[in-house]
Amino acid sequence: MGLEIFNTLILLLLVAAALVSLRVRDLLTAAVVFGIYSFLMCLLWAEMGGVDVAFTEAAVGAGISTVVLVATIFNLKRNSSD
Amino acid sequence: MFELGDILNDLFLERLNYLIYVVLLMIGLHAMIAKNNLIKKLIGMSIFQTAIILFYVSIGVKADATIPIYLPEHDPHGERAEEAGGPVALSVTEVAGYANPLPHVLMLTAIVVGVATLGLALALTQRIYQGYGTIEEDQLLVKLEREDGRTRKDEQPVPDATKSKSTKKTPTKRASKPASKKK
Amino acid sequence: MKSLSLIPVLLVGFLLVFAAQDFPEWGNPQSPASKSPVSSHFIAETGVDTEVPNMVTAVLADYRGFDTMFETVVVFIAGMAVLAILKNSVKKGSVRFDHIVDVEPDLIVTNTVRLIVPVIQIFAFYVLAHGHVSPGGGFQGGVLMGASFILVALSWDLETALARFPMNRCIIVAAAGIILYGGIGLLSMFLGGEFLDYAELAKVLPVSREMARYHAMLGVEIGVGLTVTAIMFALYANLSSEGKLEGGL
């Protein structure tokens, strides 16, 4: 029973992170919150038993994806209009 | 006939997680269509991809099952194998104690392909910024339409009265635009 | 106008929710995905066929090795495409006005990173080699190795990292990874089996057929790791410097 509550809580946090990442005007904040989203996904998969998938998502999603997004935003404008 | 109570029970109590996966998918899809900024569209694409991967991994879950790595008693180099003289295939009850490895394998590929796609899309975004100076979709559309208008004017035939003048315009800045930075 | 897009999105969402009613309950061991004969075969027979304790690595590198080979090719193509798009797009030597910064690499950061990067690389090798027994494998090890180079590029500057892993060597290493993977498959074909049928390698290696699959899986994971390392670093180097390979984050 406790596991289901944990799952539901992390899923709600996931939805919140996705919404925040898309609503902020500052692109750097959006990239960092996207990193939070990736980490929460990794946590969820580790709890579900997919340890290989969680490892890959932690390395690739929260590591490479976030860094590459920040590196691109460095070369573009930091503010978005919406 | 369906009863409202049954549907609500089905959806909200037993399958709440599927509902939330659908909500994540819709957030990602809406961001890809409706957001103005190109980077926000790419973040929406990534949210969409990871939500699908989440859905796939969750259908491989078995209640009270362990991770898909052999426990020491079933290990092909462990004690049971040494007693039997070689690795032993698992029985049906033992198989039910392990999580399903097939969705994990498929989704490993999906994650890596997702990050490759994201890298390529970001390179294209940088190129667009170098060429047009903006990454907002509405400003890009205005600039593209202006360019379309200019090329259409180039291709129109000049009227006969001015035939003496040279009708060939030199190729406009259009051809060399990718090399110049707009600002 | 953009708010009209909410309508098809909500429609699709409603259809998906309507379909979600028929899904099996979460965690039900009798669901069709869990009861399928393919997954049961993988769980039951991986130990007998390949003697590898990690089922996911065995399925990824052996039973579904063809998928993994083409996934590595996709990563390689993405790296090449980024290189092609961004190369020579900006004049070399031109720096943006707001990117000019006068700070040297920080003392604490560089000395800490100097201590930590060898540990990260050894850990990456461990994850790659131990992928048969614990969670891990080629991709994870390759990404960690690429991340160590990105860490060097972030703490000093991009030229320091490129002095250790120049871009043409990146491309050669990435191609070598795919050639290794395909080469093992072709070798199995020349020895009489099918493409990527690792058991045939028992004719050249002094091991049993099952252990030949075990060792060929390691070779294949090394190939994947090489390609992923090189492409992750190439992706970062080109994206952060807009193709100039100088300056950058």
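We did not get these values from a lab; they are worked out from the coordinates using the rules stated. What you see is a predicted model; the values in this text were computed from it and never measured. Positions of Cβ are backbone-derived with ideal geometry, glycine not excepted, and every protein chain shown enters the neighbour counts.
Between the Cα long axis of helix C:209-241 and the first principal axis of chain C there is an angle of about 20°, rounded to the nearest 10. For region C:16-26, 3J(HN,Hα) computed residue by residue from phi via the Karplus equation (6.51, -1.76, 1.60; θ = phi - 60°) reads 5, 5, 4, 6, 5, 5, 8, 5, x, 5, 5 Hz, glycine and proline entered as x.
What 222 nm value per residue comes from the helices of chain A, counting each DSSP H run with n ≥ 4 as -39,500 (n - 2.57) and dividing by all residues, nearest 500 deg cm²/dmol? List each step's numbers first, then the result.
On the way: 4 runs with 60 residues, N = 82.
Mean residue ellipticity at 222 nm (helix-derived): -24000 deg cm²/dmol.
Straight-distance candidates among the aspartates and glutamates for linking to C:K35, with alpha-carbon spacing under 16 Å and chain neighbours fewer than 8 residues away dropped: B:D64, B:E94, C:E25, C:E45. Relative to the longest principal axis of the Cα atoms of chain C, the long axis of helix C:107-129 lies at roughly 20 degrees.
Could you line up A:S38, B:S46, C:S31, A:S81 from fewest to most neighbouring Cβ atoms inside 10 Å? Walk me through the numbers on the way to the answer.
Working: A:S38 22, B:S46 26, C:S31 18, A:S81 15.
Least crowded to most crowded, the residues run A:S81, C:S31, A:S38, B:S46.
Sequence-distant contacts, meaning Cα pairs under 8 Å at least 6 residues apart, place the relative contact order of chain C at 26 percent.
Around C:Q121, under 15 Å between beta carbons, what's the net of Lys plus Arg minus Asp minus Glu among the other residues?
Numbers: positive: C:R114, C:R164; negative: none.
In short, +2.
Amide H to amide H distances under 5 Å link B:Y98 with B:T66, where only residues 5 or more positions off or on other chains count and H is placed in the peptide plane.
Only one residue of C:H132, A:V70, C:A212 has its Cα farthest out toward the positive end of the dipole of the protein assembly as shown, where Lys and Arg carry +1 and Asp and Glu -1 on Cβ, and that residue is A:V70. Close amide-amide hydrogen proximity is noted between B:N37 and A:D82, B:E137, each under 5 Å apart and 5 or more residues distant or on a separate chain (H modeled in the peptide plane; Pro and chain starts excluded). Centre-to-centre separation between the Cα atoms of region A:1-29 and those of region C:69-116: 30 Å. Computed over the alpha carbons of region B:7-87, Rg followed by Dmax gives 21.0, 66 Å. Taken about its Cα centre, region C:1-134 carries a charge dipole of about 640 debye when Lys and Arg each add +1 at the Cβ and Asp and Glu each add -1 at the Cβ. Along the axis of the charge dipole computed for the protein assembly as shown (Cβ charges of +1 for Lys and Arg, -1 for Asp and Glu, origin at the Cα centre), the listed residues B:G97, A:C42, B:M45 are led at the positive end by B:M45.
Order these by the 10 Å Cβ neighbour count, fewest first: A:D52, B:D154. Don't skip to the end; give the middle numbers.
Values: A:D52 28, B:D154 11.
By the 10 Å Cβ count, ascending, the order reads B:D154, A:D52.
Where does each of C:V75, B:V88, C:V152 land when they are ranked from fewest to most other beta-carbon atoms within 10 angstrom? Could the numbers behind the result be given before it?
Details: C:V75 27, B:V88 16, C:V152 21.
Exposure proxy ranking, most exposed first: B:V88, C:V152, C:V75.
In chain C, taking the dipole from charged Cβ atoms about the Cα centre, the farthest positive-side position among C:A174, C:L226, C:S36 is held by C:A174.
With a/c under 1.5 counting as rounded, go ahead and sort region C:1-88 into rounded, prolate or oblate using the C-alpha gyration tensor (a ≥ b ≥ c being the square roots of the eigenvalues; past the cut-off, prolate if a/b is larger than b/c, else oblate).
oblate
Set the bar at 20 Å for Cα to Cα. Now go through B:K143/C:K244; B:K41/C:K87; B:K40/C:K92; B:K41/C:K92; A:K77/B:K35; B:K40/C:K2 and name every pair that lies beyond it. Listed pairs above 20 Å: B:K143/C:K244; B:K41/C:K87; B:K40/C:K92; B:K41/C:K92.
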